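Below: one structure, written as C-alpha cells.
What follows is calculated from the coordinates using simple rules that are stated; it is not laboratory data. Just so it is clear, the structure is predicted and the values come from calculations on it, not from any experiment. No Cβ is skipped: glycine too gets one built from the backbone with ideal geometry, and neighbour counts run over all protein chains shown.
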Amino acid sequence: MSVGLKNRRVLLGVTGGIAAYKSADLTSRLAQAGAEVRLVMTAAARAFVSPLTFQALSGQPVSTDLFDEAPARGMGHIELGQWAEAAVVAPATANFLAKAATGIADDLLSTLMLVVTAPVVVCPAMNVNMYRHATVGENLSRLRARGVTVLGPDEGPMACGDFGPGRMVEPAVIAEALAAVLGPADLAGRKILVTAGPTREAVDPVRFLSNRSTGRMGVALAREARRRGGTVTLVLGPTEIEPPWGVETVRVVSATDMHRQVTARAPDMDLIVMNAAVADYTPARVREQKIKKATANLSGIDLTSTLDILAELGARKPPGQILVGFAAETEKLVPEARSKLERKNLDLVVANNVALPGVGFATETNQVILVHPHGEAEKLPLMPKAEVALEVFDRVMRLLPD
Ligand code: CTP
C-alpha cells in the first residue's frame, strides 16, 4: 500500500472509456491508503460505471452535473476544485484531453480543470489509433508544458481488439504517482542510487547459487526516495517484484554485474543505499554444459569471493556523499552492524535480524535497528516495509549536506 496518501484530499475525475471500471479499483486503493477521495464523473463515464459504485467505495457523494442544485455535501463546484490537494483524471479520453488542453469548460469536470490550482495527473486511455493521432499528441504536449503529469498509456491488448499504446496505467501505479505528486519533495534535486534483491551466481546453464532476498525492502526504499522527489536509480537483482514508478531501473543478475553497474554510477550520486543481498561467493568457474550426475561429482563446488561493493564505495566516497548499508544478521546484531559501519566507512547501517519471523527476507514487514556512527542504535518497531523506508529516509535527510 502507498504511504503518503493518508488524509490527503484527492479529486478523481472519471471520463467515458472502458477503463472507467479500473477507476473503481483506484478509488478503493486511495481510500484504503487513507486518502479523502471526491469523484466527478462525466455523462459518458456514467454510461460505463454507475456513480453508486464510486459513492460506495469513496464513502462520498459523486458529483456529475455542472448545474447540480444540491452540490456534494454542501461543497460548491468551485470549492471542490479548490479543496483538492491533487486532481487525477483516470481514464482521460481524447475528448477530455482536448477540452483540458484548450480550456473548453462545458461540463463539471472540464470546468473544474480551470479551477484546480493543485497538481494534476491525467491517465490517457483510448484506442491505439486515436492515441497516435497528431491532435492527441499535441494536446498532451500542451498539458505537459503546463505542468500536468501524464501517466501512460500502457501498451498491450485493447478492449477493441487492437494492440498497442492506449491502455490506462494500472491503478497501483496511479496511486504511487499520486503519492509522489503529494510528497514532501525534500529529496528534489538529489541523485539517489538504491540496490535491491538477491544476486544469482551461475554454476552451470541450469543451476545457480542465490539467497532468499525478494527485493521488497529495496524496492520500497526506491519508491520512497522517488515519493520525496529524488532522481532515483534502482539496480535490481533477479526478482518478480515490480520496480517502482518513476525510477530508472537497471536489471542485473550476478554480483559482478551489480558491482559494474553500481560502481559506474556511484561517483555521481548524492546518496547510495546498498540494500541488495549480494552474494559473498561465486563459483570459481561456470561450466558451459550442464553438470551430469552420472559423469560428474557434484559434492563440492569451488568458490571464490566476490568484490565487496559497499566496502569499495566507502573507500572511495566523494566528499558530501552519504552511504547507507544494510546488515543481515542472525546474532550479535548491533556489534556486527557497527563493525560494518566502521569497516566500510558508512554513514548509517540498517540492521535486521533475518532469523526472526516477519523480519528481513520475503516478508511484507521488517523490524530494524538503525546504527549511527556516534554510538546511537535506534530500534524501530515491526512495521510494513514502506514505513521502514520512510523512517530510513527521515534519518538520511538529516545527514545530507545542504
Ligand atoms: N555488500 C556489498 N557487496 C558484497 C556483499 C555485501 O556491497 N559483496 C553490502 C550489502 O549490500 C549490505 C552490506 O554490504 O549493504 C552488508 O552485507 P551483509 O551480507 O550483511 O554483510 P557482509 O559484508 O557480506 O558480511 P558478513 O557476510 O560477514 O555478514
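For this structure, a couple of remarks:
- Per residue, the convex hull spanned by the alpha carbons of the chain comes to 181 Å³.
- Distance (nanometres) between label positions extended 7 Å along Cα→Cβ at residue 185 and residue 68: 3.0 nm
- If only the Cβ of Lys and Arg carry +1 and only the Cβ of Asp and Glu carry -1, the dipole of the chain around its Cα centre is close to 720 debye.
- Extension gain, residue 32 back to residue 118 (0.36 nm per residue minus Cα-Cα distance, nm): 28.8 nm
- Given their separation in residues at 0.36 nm each and the Cα-Cα distance between them, residue 334 and residue 241 gain 30.6 nm when the chain is fully extended.
- Highest-fluctuation residue, 294, 87, 19 considered, GNM on the chain with Cα pairs under 10 Å: 294
- Efficiency of FRET between residue 304 and residue 43 - r from beta-carbon atoms, R0 60 angstrom, step 0.05: 0.30
- Across the range 242-259, computed HN-Hα scalar couplings (Karplus, 6.51 cos²θ - 1.76 cosθ + 1.60, θ = phi - 60°) run 5, x, x, 6, x, 10, 7, 10, 10, 8, 9, 10, 9, 4, 5, 4, 5, 4 Hz from first to last residue, x flagging Gly and Pro.
- Among beta bridges identified by DSSP and lying wholly in the chain, the antiparallel ones come to about 30 percent.
- Between the helical axis of 171-181 and the longest alpha-carbon principal axis of the chain there is an angle of about 90 degrees.
- Ranked by the mean number of other Cβ atoms within 10 Å of their residues, highest first, the peptides 55-62, 192-199 fall in the order 192-199, 55-62.
- Positive dipole terminus of the range 9-181, leading residue within 18, 58, 48 (C-beta point charges): 18
- Ascending count of other beta-carbon atoms within 10 Å, so fewest first, for 324, 49, 88: 49, 324, 88
- Inter-site label distance for residue 359 and residue 138 at 7 Å from Cα along Cβ, in nm: 6.2 nm
- Rounded tilt (10° steps) of 22-32 against the dominant C-alpha axis of the chain: 70 degrees
- Per residue, the average separation of C-alpha pairs within less than 8 Å and at least 6 apart gives the range 106-241 a relative contact order of 21 percent.
- Set of lysines with alpha-carbon distance to residue 385 below 27 Å, sequence-local pairs under 8 removed: 6, 22, 191, 332, 340, 344
- Per-residue ellipticity at 222 nm from helix content only, as computed over the chain with -39500 (n - 2.57) for each DSSP H run of at least four residues, stands at -9000 deg cm²/dmol.
- ³J(HN,Hα), Karplus 6.51/-1.76/1.60, whole Hz, each residue of the range 204-215, x for Gly, Pro: 8, x, 10, 10, 8, 9, 8, 9, 8, 4, 10, x
- Extension gain for the segment residue 106 to residue 312, taken as residue separation times 0.36 nm less the Cα-Cα distance, is 68.0 nm to one decimal.
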